[in-house]
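Written below as C-alpha coordinates is the structure these notes are about.
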Amino acid sequence: MKIIGISSSPRGKNSSTLKLLDAALAGASEAGAEVETIDVAKLKIKYCTACNSCHETGVCSIKDDYQIVIEKLLDADGIILSSPNYITNVTAQLKTLFDRCPLVVHEQLFDGKYGFSLTTAGSGEIDFVLDIMNNYMMHCGGNFTGGVGCSMAEGPSAMEAAIDKSHEMGKDLVGAIKEKRPYPEQEAAHEAWRGQFKYVILANKEQWTHNCDYWTEKGWI
(Lines give C-alpha, C1' and ligand atoms only; values in the text may rest on other atoms or scores of the structure.)
Protein backbone atom coordinates (compact mmCIF):
# COMPACT_ATOMS: atom_id res chain seq x y z
CA MET A 1 0.00 0.00 0.00
CA LYS A 2 1.39 3.42 -1.00
CA ILE A 3 0.35 6.77 0.47
CA ILE A 4 1.58 10.04 -0.99
CA GLY A 5 1.67 13.23 1.05
CA ILE A 6 1.59 16.53 -0.82
CA SER A 7 3.31 19.49 0.82
CA SER A 8 2.69 22.88 -0.76
CA SER A 9 4.08 25.48 1.60
CA PRO A 10 6.86 27.68 0.21
CA ARG A 11 8.35 27.69 3.74
CA GLY A 12 9.69 24.18 3.20
CA LYS A 13 11.02 22.50 6.35
CA ASN A 14 9.94 25.55 8.41
CA SER A 15 6.28 25.00 7.51
CA SER A 16 3.85 24.43 10.37
CA THR A 17 1.58 22.53 8.00
CA LEU A 18 4.44 20.18 7.19
CA LYS A 19 4.47 19.15 10.86
CA LEU A 20 0.90 17.89 10.45
CA LEU A 21 1.80 16.09 7.23
CA ASP A 22 4.85 14.45 8.80
CA ALA A 23 2.68 13.23 11.69
CA ALA A 24 0.01 11.88 9.34
CA LEU A 25 2.55 9.99 7.24
CA ALA A 26 4.21 8.64 10.38
CA GLY A 27 0.85 7.26 11.47
CA ALA A 28 0.26 5.69 8.06
CA SER A 29 3.74 4.16 8.11
CA GLU A 30 3.15 2.69 11.56
CA ALA A 31 -0.05 1.13 10.22
CA GLY A 32 1.91 -0.62 7.48
CA ALA A 33 1.84 1.74 4.50
CA GLU A 34 4.75 2.81 2.33
CA VAL A 35 4.80 6.62 2.43
CA GLU A 36 6.36 9.41 0.40
CA THR A 37 6.29 13.21 0.60
CA ILE A 38 6.21 15.39 -2.51
CA ASP A 39 6.90 19.10 -2.03
CA VAL A 40 5.22 20.78 -5.00
CA ALA A 41 6.59 24.18 -3.94
CA LYS A 42 10.06 22.92 -4.94
CA LEU A 43 8.95 21.62 -8.34
CA LYS A 44 8.50 23.34 -11.69
CA ILE A 45 4.79 23.06 -12.46
CA LYS A 46 3.52 25.59 -14.99
CA TYR A 47 0.01 27.00 -15.33
CA CYS A 48 -2.62 25.12 -17.31
CA THR A 49 -3.16 26.78 -20.70
CA ALA A 50 -6.53 25.13 -21.45
CA CYS A 51 -5.15 23.76 -24.72
CA ASN A 52 -7.36 20.62 -24.49
CA SER A 53 -4.47 18.33 -25.38
CA CYS A 54 -5.28 16.11 -22.39
CA HIS A 55 -8.87 15.66 -23.61
CA GLU A 56 -7.83 15.04 -27.19
CA THR A 57 -4.79 12.80 -26.66
CA GLY A 58 -4.68 11.89 -22.97
CA VAL A 59 -1.29 13.64 -22.65
CA CYS A 60 -0.57 17.11 -21.28
CA SER A 61 1.23 19.31 -23.80
CA ILE A 62 3.33 21.03 -21.12
CA LYS A 63 6.59 19.29 -20.28
CA ASP A 64 7.49 19.90 -16.66
CA ASP A 65 7.34 18.23 -13.23
CA TYR A 66 3.55 17.80 -13.29
CA GLN A 67 3.80 14.42 -15.02
CA ILE A 68 6.09 13.09 -12.29
CA VAL A 69 3.62 14.13 -9.59
CA ILE A 70 0.47 12.87 -11.27
CA GLU A 71 2.02 9.49 -12.08
CA LYS A 72 2.86 9.04 -8.40
CA LEU A 73 -0.64 10.08 -7.36
CA LEU A 74 -2.25 7.70 -9.83
CA ASP A 75 -0.04 4.88 -8.56
CA ALA A 76 -0.92 5.58 -4.91
CA ASP A 77 -3.71 4.06 -2.82
CA GLY A 78 -3.99 7.08 -0.55
CA ILE A 79 -3.32 10.82 -0.88
CA ILE A 80 -2.85 13.34 1.91
CA LEU A 81 -3.10 16.95 0.75
CA SER A 82 -1.70 19.79 2.84
CA SER A 83 -1.58 23.54 2.50
CA PRO A 84 -1.40 26.52 4.81
CA ASN A 85 -4.22 29.05 4.53
CA TYR A 86 -3.22 31.77 2.08
CA ILE A 87 -6.00 34.39 2.06
CA THR A 88 -8.69 31.76 2.69
CA ASN A 89 -7.40 29.44 0.02
CA VAL A 90 -4.67 26.91 -0.70
CA THR A 91 -1.25 28.09 -1.81
CA ALA A 92 -0.70 29.06 -5.44
CA GLN A 93 1.64 26.09 -5.80
CA LEU A 94 -1.10 23.60 -4.87
CA LYS A 95 -3.78 25.38 -6.88
CA THR A 96 -1.52 25.22 -9.95
CA LEU A 97 -1.27 21.44 -9.49
CA PHE A 98 -5.05 21.20 -9.20
CA ASP A 99 -5.54 23.29 -12.36
CA ARG A 100 -3.38 20.89 -14.36
CA CYS A 101 -5.72 17.99 -13.53
CA PRO A 102 -8.78 18.32 -15.81
CA LEU A 103 -8.15 14.86 -17.27
CA VAL A 104 -8.02 13.40 -13.74
CA VAL A 105 -11.35 15.07 -12.93
CA HIS A 106 -13.08 14.31 -16.21
CA GLU A 107 -12.03 10.66 -16.21
CA GLN A 108 -12.43 10.23 -12.42
CA LEU A 109 -8.93 8.77 -12.18
CA PHE A 110 -8.86 8.79 -8.36
CA ASP A 111 -11.72 6.27 -8.30
CA GLY A 112 -10.98 3.79 -5.49
CA LYS A 113 -8.47 6.06 -3.75
CA TYR A 114 -8.83 7.58 -0.30
CA GLY A 115 -7.38 10.70 1.24
CA PHE A 116 -7.72 13.58 3.65
CA SER A 117 -6.50 17.14 4.06
CA LEU A 118 -4.43 19.22 6.45
CA THR A 119 -4.10 22.95 6.98
CA THR A 120 -2.85 25.61 9.39
CA ALA A 121 -3.97 29.21 9.61
CA GLY A 122 -3.10 32.29 11.59
CA SER A 123 -6.79 32.83 12.27
CA GLY A 124 -9.76 30.48 12.46
CA GLU A 125 -10.27 30.05 8.69
CA ILE A 126 -9.81 26.29 8.66
CA ASP A 127 -12.81 24.43 7.25
CA PHE A 128 -13.03 26.39 3.99
CA VAL A 129 -9.44 25.51 3.07
CA LEU A 130 -9.90 21.86 4.05
CA ASP A 131 -13.04 21.74 1.89
CA ILE A 132 -11.09 23.00 -1.15
CA MET A 133 -8.65 20.10 -0.87
CA ASN A 134 -11.25 17.47 0.00
CA ASN A 135 -13.48 18.64 -2.84
CA TYR A 136 -10.55 18.24 -5.24
CA MET A 137 -10.17 14.65 -4.04
CA MET A 138 -13.86 13.97 -4.52
CA HIS A 139 -14.08 15.74 -7.89
CA CYS A 140 -11.27 13.46 -9.10
CA GLY A 141 -13.38 10.42 -8.14
CA GLY A 142 -11.82 9.59 -4.76
CA ASN A 143 -13.21 9.55 -1.23
CA PHE A 144 -11.97 11.69 1.66
CA THR A 145 -11.95 10.59 5.28
CA GLY A 146 -11.89 14.05 6.87
CA GLY A 147 -9.41 16.77 7.66
CA VAL A 148 -7.30 18.38 10.36
CA GLY A 149 -6.72 22.08 10.80
CA CYS A 150 -4.96 24.20 13.36
CA SER A 151 -5.50 27.88 14.17
CA MET A 152 -2.09 29.12 15.28
CA ALA A 153 -3.81 31.93 17.22
CA GLU A 154 -4.96 29.29 19.71
CA GLY A 155 -1.41 28.68 20.88
CA PRO A 156 1.03 25.75 21.13
CA SER A 157 -1.48 23.35 22.69
CA ALA A 158 -3.68 23.59 19.57
CA MET A 159 -0.74 22.59 17.39
CA GLU A 160 0.09 19.66 19.64
CA ALA A 161 -3.52 18.47 19.45
CA ALA A 162 -3.56 18.85 15.65
CA ILE A 163 -0.33 16.85 15.33
CA ASP A 164 -1.82 14.05 17.44
CA LYS A 165 -5.03 14.04 15.41
CA SER A 166 -3.07 14.02 12.12
CA HIS A 167 -1.11 11.00 13.35
CA GLU A 168 -4.32 9.12 14.14
CA MET A 169 -5.89 10.08 10.82
CA GLY A 170 -2.84 8.68 9.04
CA LYS A 171 -3.45 5.35 10.74
CA ASP A 172 -7.16 5.52 9.98
CA LEU A 173 -6.48 6.20 6.31
CA VAL A 174 -4.68 2.86 6.06
CA GLY A 175 -7.71 1.22 7.64
CA ALA A 176 -10.09 2.89 5.19
CA ILE A 177 -8.01 1.68 2.25
CA LYS A 178 -7.82 -1.88 3.57
CA GLU A 179 -11.55 -1.99 4.33
CA LYS A 180 -12.51 -0.23 1.10
CA ARG A 181 -14.63 1.81 3.50
CA PRO A 182 -17.88 3.02 1.94
CA TYR A 183 -18.82 6.69 1.99
CA PRO A 184 -22.38 6.61 0.60
CA GLU A 185 -22.87 10.38 0.34
CA GLN A 186 -19.62 10.86 -1.56
CA GLU A 187 -20.31 7.89 -3.82
CA ALA A 188 -23.77 9.30 -4.58
CA ALA A 189 -22.12 12.61 -5.47
CA HIS A 190 -19.74 10.77 -7.83
CA GLU A 191 -22.65 9.10 -9.58
CA ALA A 192 -24.58 12.37 -9.86
CA TRP A 193 -21.53 14.14 -11.31
CA ARG A 194 -20.97 11.41 -13.90
CA GLY A 195 -24.63 11.48 -14.84
CA GLN A 196 -24.41 15.18 -15.61
CA PHE A 197 -20.92 15.30 -17.08
CA LYS A 198 -21.63 12.66 -19.72
CA TYR A 199 -23.52 15.33 -21.64
CA VAL A 200 -20.41 17.53 -21.64
CA ILE A 201 -18.43 14.60 -23.04
CA LEU A 202 -21.05 13.94 -25.72
CA ALA A 203 -21.18 17.63 -26.66
CA ASN A 204 -17.40 17.65 -27.17
CA LYS A 205 -16.95 14.14 -28.58
CA GLU A 206 -15.53 15.38 -31.88
CA GLN A 207 -12.68 17.15 -30.06
CA TRP A 208 -12.39 15.28 -26.76
CA THR A 209 -11.71 11.94 -28.38
CA HIS A 210 -9.60 10.55 -25.54
CA ASN A 211 -12.27 11.41 -22.97
CA CYS A 212 -15.01 9.97 -25.17
CA ASP A 213 -13.16 6.67 -25.66
CA TYR A 214 -12.51 6.44 -21.91
CA TRP A 215 -16.12 7.11 -20.96
CA THR A 216 -17.36 4.59 -23.52
CA GLU A 217 -14.94 1.96 -22.21
CA LYS A 218 -16.12 2.57 -18.64
CA GLY A 219 -19.76 2.30 -19.69
CA TRP A 220 -20.60 5.82 -18.53
CA ILE A 221 -22.00 6.81 -21.93
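When every alpha-carbon pair in the chain is counted, what percent end up more than 21 Å apart?
Taking all Cα-Cα pairs of the chain, the fraction more than 21 Å apart is 54 percent.
How big is the convex hull of the Cα atoms of the range 113-221, per residue, in Å³?
Roughly 119 Å³ of hull volume per residue.
If you average 1/r over all unlike Cα pairs in the range 1-120 and invert the result, what Kirkwood radius do you get in angstrom?
Kirkwood radius, the range 1-120: 14.9 Å.
Note down the relative contact order for the range 70-221 as a percent, whole number, built from C-alpha pairs under 8 angstrom at least six residues apart.
21
What is the distance, in nm, between label points placed 7 Å from the Cα along the Cα-to-Cβ direction at E168 and at K44?
Each label point lies 7 Å from its Cα, and together they span 4.4 nm.
Calculated from DSSP H runs of 4 or more alone, at -39500 (n - 2.57) each and per residue, what is the 222 nm mean residue ellipticity of the chain, nearest 500? All intermediate terms of the calculation are to be shown ahead of the outcome.
Numbers: 9 runs with 110 residues, N = 221.
For the chain, the value works out to -15500 deg cm²/dmol.
Given axes a ≥ b ≥ c from the Cα gyration tensor, I'd like to know whether the range 16-79 is rounded (a/c under 1.5), prolate (a/b larger than b/c) or oblate. Mind dumping the intermediate values first?
Working: a/c = 3.64, a/b = 2.00, b/c = 1.82.
Prolate, since a/c reaches 1.5 and a/b exceeds b/c.
Suppose the chain between T37 and I62 were pulled fully straight at 0.36 nm per residue; how much longer would it get relative to their current alpha carbon spacing?
Extra length from T37 to I62 when fully extended: 6.7 nm.
How large is the accessible surface per residue of the chain, computed with a 1.4 Å probe and reported in Å² as a whole number?
48
On a 18 Å Cα-Cα criterion, which of the cross-link pairs K19/K180; K2/K42; K42/K72; K19/K72; K95/K218 come out too long?
K19/K180; K2/K42; K19/K72; K95/K218
Please identify the trypsin sites (Lys or Arg not before Pro) of the range 161-221 that satisfy two criteria: DSSP loop assignment and at most 11 other Cβ atoms within 10 Å. Which are they? Walk me through the numbers before you get to the answer.
Numbers: sites: K165, K171, K178, K180, R194, K198, K205, K218; in loops: K180, K205.
Here the sparse-neighbourhood loop sites are K180.
Work out the length of the dipole vector of the chain about its Cα centre, built from +1 on the beta-carbon of each Lys and Arg and -1 on the beta-carbon of each Asp and Glu, and round it to the nearest 20 debye.
Computed about the Cα centre, the dipole is about 420 debye.
Calculate what fraction, in whole %, of the accessible area of the range 1-143 sits on carbon and sulfur atoms when a 1.4 Å probe is rolled over the protein chains.
50
The values are calculated or read from the model by the stated rules, or taken from the named source; none is laboratory data. Since this is a predicted model, take the numbers as computed values, not measurements. Glycine gets a Cβ as well: all are built from the backbone with ideal geometry, and neighbour counts include every protein chain shown. Please note that ligands, DNA and RNA were not included when accessible areas were found on the heavy atoms of the full protein model with its side chains. Shrake-Rupley method; radii C 1.70, N 1.55, O 1.52, S 1.80 Å.
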